[in-house]
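The values are calculated or read from the model by the stated rules, or taken from the named source; none is laboratory data. Keep in mind it's a predicted model, so treat the numbers as computed, not measured. Here Cβ is always computed from backbone atoms with ideal geometry, including for glycine, and neighbour counts include all displayed protein chains.
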Amino acid sequence: MTQRQPLLEVKDLSIAFRTDRRTVLEAVRNLSFEVYPGETLGILGESGCGKSVTCMSILRLLPERTTVYNSGEILFEGRSLLTMKEKELSRIRGGEISMIFQEPMTSLNPLFTVGDQLMEMIRIHNPGVSKTEAYERALDAVTDVRIPNADRILASYPFTMSGGMLQRIMIAMAMLNRPKLLICDEPTTALDVTIQAQVLDLMNRLKEESGTSIIIVTHDLGVISEMSDRVMVMYGGRKCEEGGAREVFFSPKHPYTQGLIASHPSANLDKYRLPMIPGSVPSLRDMPAGCPFNNRCIYATDRCAAEFPQNDPAGEGHGVYCHRWREVNPDA
Ligand code: SF4
């Protein structure tokens, strides 16, 4: 059997931020994961768990002056994104890899019409395309995300539009050059529930049509379960559980994943013994040694405070980073 080649490989990535001459705070530690062609990987965790930092690092969008890559590499189709020349990387950004952020207004220029911005994006990555052709493609892209009166929208300025409309424009923009990988950082957090469902539907449809792989980052369990083929749960800049979406949602093994699921409004609260996660995510300055979850975990022992747990597989493709998951789940 031939092995599937990953589209994206993140290997042993550690990222820190320099706050002053003496202080360096680690935000992501020894993180490894892959994204395969055509799949959606959901990255789940509370705010401050290192999800967004991980995503921003893929396109080297973290501030260069203060970011320190302590270890690791990021390979996109075998090419190293961390060491690639800026010129080559800028061709990949918005071309082979696109990104959608929570706040569309931060990605759009208020001084230019939506049409100008879409056409510019097309022409940057396809220098031979004429203005007329770029306009036609922009029109198609806006129609593709089911926005009526596309020509009127292209002539409008971003500040005249609702949040839901802007997020559709961002999706249209991100998909313009048919990226191989789309990274979505909390793409629906600022939207109300109905619009959120429409935007998720739209992303799923575009993924089916184009075969684009997606990384979706969110703290929202509903969004992750709607979108993901596989899920990676992060805490304290580390991976704590990873596996097929069904496996992780219906048979979570890590106490943190169990707590997240149990505290979701639709969860069956009787199913797990950890209905709510006590405390809050520690700041980077106060990150505990050993397992980063140890000061919130009701199962923590001295070993948990001293030693970070390595991957202990719970099944095929299902990894758990917990010293005690077998005791916590005696029926597993
Ligand atoms: Fe809890 Fe220890 Fe497992 Fe961490 S390693 S989740 S502290 S039991």
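Summary of values
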read-out	value
Qualifying residue in the range 166-178 (condition: within 19 Å of Arg93 (Cβ to Cβ), in contact (Cβ under 8 Å) with a residue 24 or more places away in the chain and surrounded by fewer than 21 Cβ atoms within 10 Å (Cβ to Cβ))	yes
Inter-residue pairs, beta-carbon under 7 Å, first in a loop (DSSP other than H, G, I, E, B) and in the range 64-84, second acidic (Asp, Glu), 6+ apart	Leu82/Glu73
Pairs where the first residue, in the range 38-53, is among the small types (Gly, Ala, Ser) and the second is at pLDDT 90 or above and in a loop (DSSP other than H, G, I, E, B), C-beta under 7 Å, 6+ apart	Gly38/Gly211; Gly42/Ser228; Gly50/Gly237
Residues of the range 156-204 that turn out to be modelled with pLDDT of 90 or more and among the hydroxyl-bearing types (Ser, Thr, Tyr), as a count	3
One residue from Arg238, Arg246 being within 16 Å of the ligand (Cβ to nearest atom), of a type in the set (Lys, Arg) and out of contact with any His (no Cβ under 8 Å at 6 or more places or on another chain)	Arg238
Residue, nearest to the ligand (Cβ to nearest atom), within the range 286-332, restricted to residues that are at negative phi, assigned to a loop (DSSP other than H, G, I, E, B) and of a type in the set (Gly, Ala, Ser)	Ala300
Residues satisfying the stated conditions in the range 293-332, i.e. buried (at least 19 other Cβ atoms within 10 Å of the Cβ), under 17 Å from Cys49 (Cβ atoms) and touching a helix residue (DSSP H, G or I) at 6+ places or on another chain (Cβ under 9 Å)	Phe293, Asn294, Arg296, Cys297, Pro309, Val320, Cys322
Selection from the range 12-55 of residues that are outside any strand (DSSP E or B), polar (S, T, N, Q) and at pLDDT 95 or above	Thr54
Pairs, first under 25 Å from Thr23 (Cα atoms) and modelled with pLDDT of 80 or more in the range 266-289, second not in a loop (DSSP other than H, G, I, E, B) and not small (Gly, Ala, Ser), C-beta under 6 Å, six or more apart	Leu284/Leu25
Pairs where the first residue, in the range 290-301, is free of Cβ contacts under 8 Å to residues at least 24 places away in the same chain and the second is outside any loop (DSSP other than H, G, I, E, B) and near the ligand (Cβ under 6 Å from one of its atoms), C-beta under 7 Å, 6+ apart	Gly290/Cys304; Asn294/Cys304
Hey, Ser225 of a type in the set (S, T, N, Q) and closer than 17 Å to Lys51 by Cβ or not	yes
Residue ID - farthest from Ala174 (Cα to Cα), chosen from residues in the range 211-238 that are at pLDDT 90 or above and surrounded by fewer than 18 Cβ atoms within 10 Å (Cβ to Cβ)	Asp229
Positions within the range 92-109 being more than 15 Å from Cys55 (Cβ to Cβ) and either assigned to a strand (DSSP E or B) or charged (D, E, K, R) (or both), in sequence order	Glu96
